[in-house]
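Shown next, in structure tokens, is the structure this report addresses.
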Amino acid sequence: MKAFVVDKYGKDGLRAAEVPEPELRDSDVLVRVSAASINPLDKMVRNGEFKQLLKYRKPFVLGHDMSGVVTRVGPAVPEFQVGDEIYARPRDLRIGTFAQYVAVDQADLALKPRSLSMQEAAAVPLVALAAWQILVERAKIRPGQKVLVHAGAGGLGSTVIQLAKHLGAYVATTATGADADRVRSLGANVVIDYTTDDFANILSGYDVVLDSLGGTNLEKSLTVLKPGGMAIGVAGPPDAGFAKQLGAPMLLGVVMNLISRKVRRQAKKLGVSYSFFFMRASGTQLAELATLYDAGHLYPVMDRTFPFDQTLEALAYVEQGRANGKVVITMDPT
Ligand SMILES: NC(=O)c1ccc[n+]([C@@H]2O[C@H](COP(=O)([O-])OP(=O)(O)OC[C@H]3O[C@@H](n4cnc5c(N)ncnc54)[C@H](OP(=O)(O)O)[C@@H]3O)[C@@H](O)[C@H]2O)c1
């Protein structure tokens, strides 16, 4: 089958290849991929930024998001049938959606939202799961709470804004002036143009901040929280909780806590908290999210679609960090 594989870590590590179709485990489903979406995580995995934590055996097929049709099911799969249209973010160490076929554990996938096309459905699993796990599991958002979502124009930010609104929160976000109307139409109550204004001079008394930039943006974000507030970082620095989540050795947890020591201390001084967040696969949550897409509470924010054979170009486009929504590759010429 056709696929894009990483055979060495680095900027030029991804290439088109002909590889065998994946083997099926008992609780797996074989999916003919209709579309896949690109995430910054693909760039980071290709560059080897996770090689200490996620030990992929090279060459491996890249890609974390997809939609497609079930073509075969393992003997221990009661819920899915051949012909089902599904969407998924396969779990770490079993990724591989930049290919014609992928084998996915049944626990990682769900039936595709009926209201979404295959391309739209491929765009949402990773960011929608991240939004759910950040807002519902980690922050336990309640109606009326104030949430600052950085980078509201991006794939993650645009999804978190919508879900936070659905949960009844008051939402502020940062974006360029050119994107202000678009993020406002997603439901943002306050939009700060980060090219002209400093959010830290404007905002205060927030309950939760989602930081996707790290560095000074994260440090400044601590200052807009009210006492007891929570800063959640998705672009670093990592902490021991992340090492634990990935089952890494204790020592790595100690190292990660050292890396985030400065910002955790700053948070403590301000009476707020900082924690690193890394999303995980979940078919159960995707089934719940599908009801929100089908009810119109969430919708995918799409930027561009590329044909499968231009996967390298699509990744290069996302790498520029200026995507205005999700970038999708489609296997389906029609
Ligand atoms: N840990 C996790 O589980 C997890 C999950 C998902 C994503 N992430 C991370 O979150 C980050 C965003 O991911 P994504 O999928 O949303 O990427 P994306 O779709 O490429 O979006 C990036 C957005 O950031 C905006 N931006 C750039 N600089 C900015 C600034 N200084 N202030 C505000 N906005 C700025 C860009 O818009 P303009 O240039 O037009 O402003 C662009 O829309 C990445 O670092 C990714 O790795 C982590």
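Any idea which of Ala235, Ala267, Ala290 is modelled with pLDDT of 95 or more, under 19 Å from the mean Cα position of the chain (by Cα) and more than 16 Å from the ligand (Cβ to nearest atom)?
That would be Ala290, the only listed residue that is modelled with pLDDT of 95 or more, under 19 Å from the mean Cα position of the chain (by Cα) and more than 16 Å from the ligand (Cβ to nearest atom).
Listed residues Ala139, Ala121, Ala151, Ala131; which is touching a Lys or Arg at 6+ places or on another chain (Cβ under 6 Å), at pLDDT 95 or above, buried (at least 20 other Cβ atoms within 10 Å of the Cβ) and not hydroxyl-bearing (Ser, Thr, Tyr)?
The unique qualifying residue is Ala121.
So if I check each of Val73, Val102, Val45, Val31, which one is of a type in the set (Val, Ile, Thr), closer than 20 Å to Leu286 by Cα and without any contact (Cβ under 8 Å) to a residue 60 or more places away in the chain?
The match here is Val73.
Here is a list: Ala240, Ala290, Ala267. Which entry is closer than 30 Å to Ile86 by Cα and crowded, with 18+ Cβ neighbours inside 10 Å?
Ala290 is the lone residue from the list that is closer than 30 Å to Ile86 by Cα and crowded, with 18+ Cβ neighbours inside 10 Å.
Quickly run through region 319-334 and pick out the residues that are within 15 Å of the ligand (Cβ to nearest atom) and either open to solvent by less than 50 Å² (accessible area, probe 1.4 Å) or closer than 22 Å to Phe4 by Cα (or both).
Listed by number, the residues that qualify are Glu319, Gln320, Gly321, Ala323, Gly325, Lys326, Val327, Val328, Ile329.
Given the options Phe60, Phe80, name the one that is in contact with a strand residue (DSSP E or B) (Cβ under 7 Å, 6 or more places away or on another chain) and either open to solvent by 50 Å² or more (accessible area, probe 1.4 Å) or closer than 30 Å to Asp294 by Cα (or both).
Answer to the check: Phe80.
May I ask you to list the residues in region 156-191 that are near the ligand (Cβ under 9 Å from one of its atoms) and either of a type in the set (Gly, Ala, Ser) or not in a helix (DSSP H, G or I) (or both)?
Those that are near the ligand (Cβ under 9 Å from one of its atoms) and either of a type in the set (Gly, Ala, Ser) or not in a helix (DSSP H, G or I) (or both): Gly157, Ser158, Thr173, Thr174, Ala175, Thr176, Ala178.
Could you please let me know if Lys146 is away from the ligand (no atom under 13 Å from the Cβ), open to solvent by 20 Å² or more (accessible area, probe 1.4 Å) and in contact with a Phe, Trp or Tyr (Cβ under 6 Å, 6 or more places away or on another chain)?
The answer is yes for Lys146.
Would you kindly identify the strands (runs of 3 or more DSSP E) lying entirely within region 40-155 that contain at least 1 residues that are assigned by TED's automatic domain parsing to the domain that holds Pro20 and under 16 Å from the mean Cα position of the chain (by Cα)?
Of the strands (runs of 3 or more DSSP E) lying wholly inside region 40-155, those with at least 1 residues that are assigned by TED's automatic domain parsing to the domain that holds Pro20 and under 16 Å from the mean Cα position of the chain (by Cα) span 65-73, 85-88, 109-111.
If you scan region 83-99, which residues turn out to be under 11 Å from Arg32 (Cβ atoms) and surrounded by fewer than 17 Cβ atoms within 10 Å (Cβ to Cβ)?
Hit for region 83-99 is Gly83, nothing else.
Select, from Leu218, Leu246, the only residue that is more than 26 Å from Arg91 (Cα to Cα) and either in the same structural domain as Asp197 (by TED's automatic domain parsing) or at pLDDT 95 or above (or both).
Criteria check complete, one pass: Leu218.
Just one of (1) within 11 Å of the ligand (Cβ to nearest atom); (2) farther than 18 Å from Val33 by Cα; (3) not in a helix (DSSP H, G or I) trips up His297, so point out which.
In the conditions (1) within 11 Å of the ligand (Cβ to nearest atom); (2) farther than 18 Å from Val33 by Cα; (3) not in a helix (DSSP H, G or I), His297 misses (1) alone.
Do the conditions hold for Ala316, that is, is it within 14 Å of the ligand (Cβ to nearest atom) and touching a residue at least 40 places away in the same chain (Cβ under 8 Å)?
No: the conditions fail for Ala316.
The values are calculated or read from the model by the stated rules, or taken from the named source; none is laboratory data. Predicted, not measured: the structure shown is a model, and the values here were computed from it. Neighbour counts run over all protein chains shown; Cβ positions are idealised from the backbone, glycine included. Just the protein is used for accessible areas: all its heavy atoms, side chains included, with ligands, DNA and RNA removed. Shrake-Rupley method; radii C 1.70, N 1.55, O 1.52, S 1.80 Å.
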